[in-house]
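The values are calculated or read from the model by the stated rules, or taken from the named source; none is laboratory data. This one's a predicted model, so the numbers in the text were calculated from it and none came from an experiment. Virtual Cβ from ideal backbone geometry, glycine too; neighbours counted across all protein chains shown.
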Amino acid sequence: MSKDILDLAGIGIGPFNLSVAALLDQHQDVDSAFFDSKPRFDWHPGMQLPGARLQTSCLKDLVTGADPCNPHSFLNYLVQHRRFYPFLSAGMTAISRREFADYLDWVAGRLSSLHFGHGVESVSFEDGLFRLTFETGQNPVRARNLCIGTGIRPHIPPACEALPSTRSLHCIHLMQKGRDFTGQQVAVIGGGQSGAEVVLGLLDGLWGQPAGIRWFSRRPNFEPLDETPFTNLYFSPGYVDTFRQLPEQRRRELVHYQKLASDGISPDTLQALYQRLYEYPLENPGHPLPELLPGRSVYAVTDGTPMNLLTRNRMDDQFEEFQADQLLLCTGFDHGLPPCLAPIKNRFREDSTGRPRLQPAFNLDWDGPDDRAIYTVNQGRFSHGIAESQLSLTSWRSAVIVNHLLGHEHYPVSEKGLSVRWGSSTPQTTAQNRQVPRKTAQMGIESF
Ligand SMILES: Cc1cc2nc3c(=O)[nH]c(=O)nc-3n(C[C@H](O)[C@H](O)[C@H](O)COP(=O)(O)OP(=O)(O)OC[C@H]3O[C@@H](n4cnc5c(N)ncnc54)[C@H](O)[C@@H]3O)c2cc1C
């Protein structure tokens, strides 16, 4: 850190703040530093399952969408590692999660603005500056602006909260150490991509040979990620721009409706899983078949040996009981601001559900001075849309943030794409107050 007061302090170094840091690396006049509690960069090490693939194009890397000439691109990673031509010949539609993690690690190693082993303990606002203190006692840091990139926290369903973490393990920790579920009844809870990958891992014997495998999903079936072209437009700047201007309630409805555009299972994973299940009796003669249990919500779990699961089947509205020695929770993640912001949290304006309100440049709506911004990445699912928690628009969002920080449009962020007109051309006119020309109404066109 070259100056006493930073222009921007980043809290958390996952891919999203790493992207902001990678763009800022090209702006030597901006003094920035990013802090993470981890000892080194590591992208979801507990879910680096063999064969797991990125659900996003590798061109949607940290920088390319904003600045294809930036040296921290995935293509430059390939060239520097002498893998460009082998990569092209591999003809892969999606790279492995391991390779993307290696790319992120490579970028992290090239940026001098990153400081690991610096868990931020608290953030206050004093004399017009943010003041960060650290869990491990390093000197406090002052900054004019913040960028919060502290990511996601594993979601533990209420029914599992009281269980010991050894028996009820969130998948995000699965690969952190060697596990052996040999001889156990294993229940996988959660029917999204992580659940599918964990079931595949169990079928492949990654953690020994379980006595039985049960896979529970709340969804009515094991549903695919919608990767088709028009759905992919939800992950485009033009769509985000229309989305964020909608009323709060409408945005919430759309996030719910678009769930499978971001949270479904990759079709390739579904295919591999189905084929493995089909071949299971031939490969494992005499072994009980894995049980697939869609449409079930886990209602209650009683600890014991074994644990007892009470589920409700939405298909026929019946309660059922199952037993398990080990629960693997693939139950997603919670988003929320980190506890270190507690000293200034009451200065943030909230929406009707208590979430902090975000401005167009991903900065919090707060009561501080206009020239002091608190940017956030991965907090805007309900303000900017489902792309927020995905890699797709990472570089674009970073460009919006850096432009705002610089005070001018250094990076092009508006889009000329297909002529899909998401919003009405007269958004101030709602269906309720629209004056239907008498003749049109008489023709019954209203019923459309
Ligand atoms: C297994 C998995 C696979 C995924 N695959 C894809 C995919 O293929 N495509 C896609 O679009 N999306 C994917 N996602 C979703 C998303 O891209 C990732 O979750 C991504 O890592 C989010 O990045 P982030 O920077 O917000 O947070 P994170 O990667 O969670 O990083 C946050 C960082 O903040 C640090 N931190 C937290 N609190 C503090 C503090 N007080 N002080 C200092 N540091 C702190 C943490 O140590 C952590 O390093 C995946 C998610 C998971 C879990």
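Considering region 293-348, the residues that are among the acidic types (D, E) and out of contact with any His (no Cβ under 7 Å at 6 or more places or on another chain) include one that is nearest to the ligand (Cβ to nearest atom), namely D325. For G46, the conditions (1) within 13 Å of the ligand (Cβ to nearest atom); (2) outside any helix (DSSP H, G or I) all hold with the exception of (2). Scanning region 255-308 for residues that are assigned to a loop (DSSP other than H, G, I, E, B), in contact with a Leu (Cβ under 9 Å, 6 or more places away or on another chain) and loosely packed, with under 14 Cβ neighbours inside 10 Å yields a count of 2. Among the candidates R357, R349, the residue that is assigned by TED's automatic domain parsing to the domain that holds I148 and touching a Ser or Thr at 6+ places or on another chain (Cβ under 8 Å) is uniquely R357. The set of residues in region 355-403 being of a type in the set (F, W, Y) and modelled with pLDDT of 95 or more consists of F362, W366, Y375, W396. Selection of region 110-141 for residues being away from the ligand (no atom under 15 Å from the Cβ) and under 25 Å from D25 (Cβ atoms) yields R110, S112, L129, N139. Cβ-Cβ distances below 7 Å connect the following pairs, each with a first residue in region 2-25 that is in the same structural domain as G128 (by TED's automatic domain parsing) and in a loop (DSSP other than H, G, I, E, B), a second residue that is among the polar types (S, T, N, Q) and modelled with pLDDT of 95 or more, and a separation of six or more residues or different chains: G12/T150; D25/S113. Here T331, T311 are screened, and the one residue that is touching a residue at least 60 places away in the same chain (Cβ under 8 Å), out of contact with any Pro (no Cβ under 9 Å at 6 or more places or on another chain) and hydroxyl-bearing (S, T, Y) is T311.
Going by the structure shown, is R83 away from the ligand (no atom under 16 Å from the Cβ) and surrounded by fewer than 14 Cβ atoms within 10 Å (Cβ to Cβ)? Here the answer is yes, as R83 does meet what is asked.
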